[in-house]
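Colleague: My questions all concern the structure below.
The values are calculated or read from the model by the stated rules, or taken from the named source; none is laboratory data. Computed from a predicted structure; not experimentally measured. Please note: Cβ atoms are built from the backbone with ideal geometry, for glycine as well, and neighbour counts cover all protein chains shown. Side chains are part of the model used for accessible areas, which takes the heavy atoms of the whole protein and leaves out ligands, DNA and RNA. Shrake-Rupley method; radii C 1.70, N 1.55, O 1.52, S 1.80 Å.
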Amino acid sequence: MQQITIFVISDSSGETALTVAQTAVSQYPAVQASYQRFPFIQTDSILDGILNLAKKQRAMIFHTLVSPKLSQRVREFAAKNLLQQFDCIQPAMAVMHQATGLEPEGVPGLVHNLNDTYFDRIAAMEFAVTYDDGKDPTGLLKADIVILGVSRTSKTPLSLFLANRNLRVANLPLSPKTQLPDELWQVDPKRIFGLTNKPNILRKIRQERMISYGLPADSAYSDADKITEELDYAQKLYKKIGCLVIDVSNKSIEETATLIMESVDYDLIPHPLAD
């Protein structure tokens, strides 16, 4: 069975692009697809974060973006990084233009009723991009959920996935040589989740990462002793904080996100999850 990852990117709910992708996959019984949907995407910054994630996962991209500029951004990124992409809406709009001579409104979501959930989700996606990878430690205090983990434990894709569930997520990379921000100790431990992995699995992931950069697989970054040291440091930190620890080895992003959503104390979150 051949495994593929498909990103569904849309400025609305993404149902159309998801249906097209699933219909295409259904014609290939030997293919098993994992779908990640990113709805309500309307800004360059959020789209760039998702595209970089697609590059990391070598994902196929199916998209419905009524903005010609955003659609072109996807096509150019895919071409530059040798990713497969399929535009599910711009060709159809071009046919309508040729047939009627009229210009499209270019307004996302006209086929759906927008509500507060739409704007909350946009804000959550912007938040995840702004406070990704410890860029600004003040985000730890503003976040609904804080994710900790050493390098390559899927902090960024998990943050984006949870943002699609209307949760504001900040993540912080851990290393024995990096000083922890003071803000971390001000966060309620019930809102913090620590990610870990098996040393051998994490080493393989890092080796593949180095190869993708055109560098030797074996380096300080993928050294077995260094990885064990990093994981031990993280484990001791999680124990000191008193947060929930999740082993992401052999878990999909969806499975890890589900564990978090089932464990989070929603009384600490100022707004409900999106449906």
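Colleague: Take the stretch 90-124 and flag every residue that is modelled with pLDDT of 90 or more and within 15 Å of G14 (Cα to Cα).
Modeller: Q90
Colleague: F86 is checked against (1) in a helix (DSSP H, G or I); (2) under 13 Å from S10 (Cα atoms) and fails just one. What number does that condition carry?
Modeller: Only one criterion in (1) in a helix (DSSP H, G or I); (2) under 13 Å from S10 (Cα atoms) is unmet by F86, namely (1).
Colleague: Looking at L160, L148 in this structure, which one is at pLDDT 90 or above and part of a helix (DSSP H, G or I)?
Modeller: Details: L148 fails: part of a helix (DSSP H, G or I).
Step by step, each of L160, L148 is checked, and only L160 is at pLDDT 90 or above and part of a helix (DSSP H, G or I).
Colleague: Among the residues of the stretch 55-93, write down those that are farther than 25 Å from Q2 by Cβ and among the charged types (D, E, K, R).
Modeller: The answer is K69, R73, E76.
This table checks each residue for (1) among the charged types (D, E, K, R); (2) within 15 Å of L174 (Cα to Cα).
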site: I211; (1), (2): no, no
site: L215; (1), (2): no, no
site: S219; (1), (2): no, no
site: D225; (1), (2): yes, no
site: V245; (1), (2): no, yes
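Colleague: What is the one condition in (1) open to solvent by 50 Å² or more (accessible area, probe 1.4 Å); (2) in contact with a helix residue (DSSP H, G or I) (Cβ under 9 Å, 6 or more places away or on another chain) that V169 does not satisfy?
Modeller: The one condition V169 does not meet is (1).
Colleague: Kindly list, by first and then second residue, each pair from a residue in the stretch 48-69 that is free of Cβ contacts under 8 Å to residues at least 60 places away in the same chain and closer than 15 Å to V8 by Cβ to a residue that is open to solvent by 70 Å² or more (accessible area, probe 1.4 Å) and part of a helix (DSSP H, G or I), limited to pairs with Cβ atoms under 7 Å and residues at least 6 apart or on different chains.
Modeller: Matching pairs, first to second residue: T64/T16.
Colleague: Conditions first: (1) closer than 28 Å to K155 by Cβ; (2) open to solvent by 70 Å² or more (accessible area, probe 1.4 Å); (3) touching a Leu at 6+ places or on another chain (Cβ under 9 Å). M96 passes all but one, so which condition is the exception?
Modeller: M96 satisfies all of (1) closer than 28 Å to K155 by Cβ; (2) open to solvent by 70 Å² or more (accessible area, probe 1.4 Å); (3) touching a Leu at 6+ places or on another chain (Cβ under 9 Å) except (1).
Colleague: What residue, among those in the stretch 175-197 that are open to solvent by 20 Å² or more (accessible area, probe 1.4 Å) and in a helix (DSSP H, G or I), is farthest from L259 (Cα to Cα)?
Modeller: By that ranking, first place goes to D182.
Colleague: Only residues that are surrounded by fewer than 13 Cβ atoms within 10 Å (Cβ to Cβ) and out of contact with any strand residue (DSSP E or B) (no Cβ under 8 Å at 6 or more places or on another chain): list them for the stretch 3-27, please.
Modeller: Filtering the stretch 3-27 down to residues surrounded by fewer than 13 Cβ atoms within 10 Å (Cβ to Cβ) leaves 3, 23, 26-27.
Answer for the stretch 3-27, where residues must be surrounded by fewer than 13 Cβ atoms within 10 Å (Cβ to Cβ) and out of contact with any strand residue (DSSP E or B) (no Cβ under 8 Å at 6 or more places or on another chain): T23, S26, Q27.
Colleague: In the stretch 117-153, which residue that is of a type in the set (V, I, T) and open to solvent by less than 20 Å² (accessible area, probe 1.4 Å) is nearest to A234 (Cα to Cα)?
Modeller: Taking the stretch 117-153 and keeping what is of a type in the set (V, I, T), we get 117, 122, 129-130, 138, 145-147, 150, 153.
The next check asks that each one be open to solvent by less than 20 Å² (accessible area, probe 1.4 Å); those that pass are 145-147, 150, 153.
On the way: I145: 18, V146: 14, I147: 12, V150: 7, T153: 12 Å.
The residue in question is V150.
Colleague: On to the next question. Residue pairs, Cβ under 6 Å, 6 or more apart or interchain, first in the stretch 185-206 and within 21 Å of I253 (Cβ to Cβ) and in contact (Cβ under 8 Å) with a residue 60 or more places away in the chain, second open to solvent by 30 Å² or more (accessible area, probe 1.4 Å) and part of a helix (DSSP H, G or I). List them.
Modeller: Matching pairs, first to second residue: R191/L268.
A quick yes/no check of all residues on (1) open to solvent by 20 Å² or more (accessible area, probe 1.4 Å); (2) out of contact with any helix residue (DSSP H, G or I) (no Cβ under 9 Å at 6 or more places or on another chain); (3) outside any helix (DSSP H, G or I):
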{"position": "M210", "(1), (2), (3)": "yes, no, no"}
{"position": "D218", "(1), (2), (3)": "yes, no, yes"}
{"position": "D225", "(1), (2), (3)": "yes, yes, no"}
{"position": "D232", "(1), (2), (3)": "yes, yes, no"}
{"position": "K236", "(1), (2), (3)": "yes, yes, no"}
{"position": "I246", "(1), (2), (3)": "no, no, yes"}
{"position": "K251", "(1), (2), (3)": "yes, no, yes"}
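Colleague: Suppose we filter S249, S212, S219 for residues that are touching a Leu at 6+ places or on another chain (Cβ under 9 Å), modelled with pLDDT under 95 and more than 20 Å from F127 (Cβ to Cβ); which single one remains?
Modeller: Going through S249, S212, S219 in turn, the sole match is S249.
Colleague: Tally up the residues in the stretch 32-69 that are open to solvent by 10 Å² or more (accessible area, probe 1.4 Å) and either touching a Cys at 6+ places or on another chain (Cβ under 7 Å) or in a helix (DSSP H, G or I) (or both), please.
Modeller: Residues meeting the conditions: 12.
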